[in-house]
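Here the structure is laid out as structure tokens; the discussion comes afterwards.
The values are calculated or read from the model by the stated rules, or taken from the named source; none is laboratory data. What you see is a predicted model; the values in this text were computed from it and never measured. Note: ideal-geometry Cβ built from the backbone for every residue, glycine included; neighbour counts use all protein chains shown. All accessible areas refer to the heavy atoms of the entire protein, side chains included, with ligands and DNA or RNA removed. Shrake-Rupley method; radii C 1.70, N 1.55, O 1.52, S 1.80 Å.
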Amino acid sequence: MTGFLTHLGALSLGGAAAALLLWGTSRFTRSRYAARWRCWGWLLLCLRLAAPLPLPALPVQGAAPIRLPAPSDAVIYRPEPAPAAPAAPPGQGGAQPAPPAVPDSPGAAVSQPPAEPEPSPLTLSRLLTGAWLAGAAAVLLYQLWCHIRFVRYVRRWSETVSDPETLAVFRALGRQLGISRLPRLTVCQGLEVPMLAGVLRPVLLLPRRELDPDELRYSLLHELIHCRRRDIPFKALSLWVAALHWFNPVMWLLGRWVERDTELACDDAALRRLPPGEHAAYGRTILSAVERLKGEAS
């Protein structure tokens, strides 16, 4: 178990360094295509961090394998073995003890009672492994609880969109983006801006307030691009990574950086599909949605 903990710590430390490097590139690169390439970097990094197992070493001809000594595993508590029960003296306590069995042949050994196994000590590696498992389970259970609450809210307060004009715009954008299986389009009470939810069965949620035609079209385009890019499973993967590496604060920031770059890459893809004359209107729609979200959070 010490080797696993050493590998987990090294993987988390290396992943944090790679995440900080990717985040640093966003501070110096202002290209509109930079976010799209960073998303590929985030995806590869999350895929590696999602499985904290050592990769098989590739054999290199003429190269000697590097072997690092494993750290010593300190014993924190060693339980004492249970004392053996004293044998009853002859003539007391009822029946006499049975005499030992006589072997049938001279070469046969006399059977001995099995020895009781010694209790295993509590080592530092076991304590750290238990703490890591408890922390990861707590984070995963909290995320599952939040997801179940959200699903119950959506099922209670949402209804399927039946407006023919909205459905016509929705299906036309789906054909334009080449999405063969469109998400379910619903209206949900309590939402300020449209949003896409669901990993296995995505649902596009619209606010109950009235949307003007341009805001509706741009919002649907934005969320359908998220659906086409599979950004919801990508964000779920980053949450899984944060749960496994909960002890590393950089992994909690990684989810925010993935969220930011997926939004920037989605906006870039939307602008490439819109004529230049509509870029300003699309930007105003996105900024208005951001302001509504900030107002809701405050």
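Here the spin labels are modelled as points 7 Å beyond Cα on the Cα-Cβ line, and at W145 and H279 they lie 4.7 nm apart.
Would you please put 241-247, 5-11 in order of how densely packed they are, using the mean number of other Cβ atoms within 10 angstrom per residue and starting with the highest? Please list the in-between numbers first.
Numbers: 241-247: 21.7, 5-11: 16.4.
Sorting 241-247, 5-11 by mean packing, highest first, produces 241-247, 5-11.
How high is the FRET efficiency from L47 to A134, r the C-beta distance, R0 30 Å, rounded to 0.05?
Numbers: r = 25 Å, r/R0 = 0.84.
Efficiency for this residue pair is about 0.75.
Using a simple spin-label model with pseudo-atoms 7 Å out from Cα toward Cβ, S162 and F28 lie 5.8 nm apart.
Ordering 135-141, 35-41 by mean Cβ neighbour count within 10 Å, with the highest value first, yields 35-41, 135-141.
Within segment 143-277, antiparallel bridges make up roughly 55 percent of the DSSP beta bridges whose residues both belong there. Of the whole protein surface, L133 contributes about 90 Å² of accessible area at a 1.4 Å probe radius. Can you bin segment 212-270 into rounded, prolate or oblate? Criterion: square roots of the alpha carbon gyration tensor eigenvalues sorted a ≥ b ≥ c, rounded for a/c under 1.5, prolate for a/b above b/c, oblate for the rest. It is prolate, given that a/c is not under 1.5 and a/b is the larger ratio.
Under the criterion of Cα pairs below 8 Å and six or more residues apart, the relative contact order for segment 143-282 equals 17 percent.
Calculated FRET efficiency, L127 to A172, Cβ-Cβ distance, R0 = 41 Å: about 0.10 to the nearest 0.05.
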